[in-house]
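What follows is a single structure, written as structure tokens, with notes after it.
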Amino acid sequence: MDNNLLEESLKTKKTSSTSVDIKENPRIIENNIKIHNYLYLIVAIVLISTLTIFSFFAKDISQTIYNFFTNKLTTTLDENKIYLRE
């Protein structure tokens, strides 16, 4: 039995004295899976909220970008007022 334990300990290489073997503590995998699931959830919420905000303000954002590149820094409301005056 001692030979089997010695062989198993030689097979599992530890990088440092503080590292824990997965066979000794299987909760490491569970904790890593939980952390990754939370990270995926946070990334999904950020992407969905960004797309939602962009969809609400897509017209204003595109108009602002168009005005910036055409050097017309007036808003659509100002353009409508000028158009109505003429």
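Highest average first, the peptides 36-46, 58-68 ordered by how many other beta carbon atoms sit within 10 Å of their residues are 58-68, 36-46. Residue separation of Lys34 and Ala58 scaled by 0.36 nm, minus their Cα-Cα distance, works out to 5.1 nm of gained length.
Read the figures in this text as sums done on the coordinates, not as results from a lab. Please read all numbers here as calculations on a predicted model, not as lab measurements. Using ideal geometry, Cβ is built from the backbone for each residue, glycine included, and neighbour counts are taken over all protein chains shown.
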